[in-house]
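Scroll down for the structure; my scribbles are underneath it.
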Amino acid sequence: MFNLILFGPPGSGKGTQSERLVEKYGLVHLSTGNLLREEISQKTPLGLEAKSFMDKGQLVPDEVVIGMVDSYFDKHKEAKGFLFDGFPRTVAQAVALDKLLELKKTEITSVLALEVGEEELVKRLLNRGKTSGRSDDTNEEVIRKRFFVYSNETTPVAEHYKKARKFHPIKGEGTVDDIFSAISDAINKKLR
Ligand code: AP5
């Protein structure tokens with residue numbers, strides 16, 4: 001199996017690039033943000049719990065997210081590989097992911113990290129907020145809170161994969177096409 005993590009702060013382009021990457025490399029897209037928003041739109045108990053955290057720009061508790069990922073794996077037993085988008089977001093999630101993949105006799109192949117400056121990120125998210133209907137995009141205070149949480153809780157995840165020599169930074173500013181080419185080049189090197 002070929003398993004990638006697309007890593008990066010809110011608004012760095014993970015969702016945008018994931019759509020193209022899953023098509024090019026035949027991977028199953030696992031976006032915890034999308035899964036949580038689906039639960040919210042179906043008004044499930046998990047969705048109702050998650051919404052209270054997401055609206056404030058906080059992370060949903062690890063056990064909720066890890067349980068959701070585990071059941072997603074059960075539904076995609078035939079997958080040739082996964083593209084993880086927005087997961088793992090804490091070291092506890094990264095450790096849990098390592099264990100879940102070990103049970104499937106596989107592991108993370110590579111972590112591709114999109115690097116974008118904070119002011120560009122705010123601009124992108126406020127702009128998306130005009131049309132996306134995402135409550136966490138319309139308020140600049142909530143957006144800044146998401147960056148704060150990212151810097152405190154998610155950046156240590158990078159260390160976890162640097163230690164395993166799986167971490168590859170990618171410049172995330174420029175055109176969507178250029179960034180896609182840079183990511184594809186990094187993946188193709190791994191596949192060779
Ligand atoms: P999630 O849905 O994962 O959101 P996020 O990480 O905040 O990321 P975004 O979707 O906002 O950005 P992105 O990097 O995907 O960028 P995109 O391609 O959309 O999480 C939302 C919330 O759910 C979290 O805050 C948390 O509460 C909860 N959650 C999710 N996963 C969790 C987990 N594992 N643990 C705990 N809680 C979790 O692009 C953004 C915008 O920029 C778009 O409008 C796009 O068109 C534009 N854009 C993209 N690329 C470019 C470019 N090159 N140039 C200009 N504009 C661009």
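In whole percent, what relative contact order does the chain give with Cα contacts below 8 Å and a gap of six or more residues? Working shown, then result.
On the way: 256 pairs, mean separation 61.8, N = 192.
Across the chain, relative contact order equals 32 percent.
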(request) Please give, to one decimal in nm, the separation of the simple spin-label points placed at SER135 and SER71, each 7 Å out from Cα toward the Cβ. (result) 2.1 nm
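With a probe of 1.4 Å, find how much accessible area the range 61-158 has per residue, and write the answer as a whole number in Å². Numbers along the way, then the final one.
Details: 5010 Å² over 98 residues.
With all protein chains present, the range 61-158 gives 51 Å² per residue.
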(request) With a point put 7 Å past each Cα toward its Cβ, work out how far ASN127 is from GLU102 in nm, to one decimal. (result) 4.3 nm
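Can you tell me the FRET efficiency between VAL91 and ASP177 if r is taken as the Cβ-Cβ distance and R0 is 45 Å, rounded to the nearest 0.05?
On the way: r = 34 Å, r/R0 = 0.75.
FRET efficiency, VAL91 to ASP177: 0.85.
Given only helices, namely DSSP H runs of n ≥ 4 each adding -39500 (n - 2.57), what is the per-residue ellipticity at 222 nm of the chain, to the nearest 500 deg cm²/dmol?
Working: 9 runs with 109 residues, N = 192.
The helix-only estimate for the chain comes to -17500 deg cm²/dmol at 222 nm.
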(message) Under a Cβ-only charge scheme (Lys and Arg +1, Asp and Glu -1), can you give me the dipole magnitude of the range 102-143 about the Cα centre, in debye to the nearest 20?
(response) 340 debye
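Hey, which of these cross-link pairs are over 24 Å Cα-Cα: LYS145/LYS166; LYS14/LYS123; LYS24/LYS162; LYS56/LYS163?
In this structure, LYS145/LYS166; LYS24/LYS162; LYS56/LYS163 lie more than 24 Å apart at Cα.
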(message) With a 1.4 Å probe and all protein chains left in place, how much of the accessible area of the chain comes from carbon and sulfur atoms, in whole percent?
(response) 52 percent
(request) At 0.36 nm per residue, minus the direct Cα-Cα distance, what do GLU23 and ASN152 gain on full extension? Give it in nm, one decimal, please. (result) 43.2 nm
(request) Taking the dipole about the Cα centre of the chain, with the C-beta of Lys and Arg at +1 and of Asp and Glu at -1, give me whichever of VAL149, SER135, PHE167 is farthest to the positive side. (result) PHE167
(request) Please work out whether the range 34-192 counts as rounded, prolate or oblate from its C-alpha gyration tensor, where a ≥ b ≥ c are the square roots of the eigenvalues and a/c under 1.5 means rounded, while otherwise a/b larger than b/c means prolate and anything else oblate? (result) oblate
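The values are calculated or read from the model by the stated rules, or taken from the named source; none is laboratory data. Just so we're clear, the structure is a prediction, and the values are computed from it rather than from any experiment. Please note: Cβ atoms are built from the backbone with ideal geometry, for glycine as well, and neighbour counts cover all protein chains shown. Please note that ligands, DNA and RNA were not included when accessible areas were found on the heavy atoms of the full protein model with its side chains. Shrake-Rupley method; radii C 1.70, N 1.55, O 1.52, S 1.80 Å.
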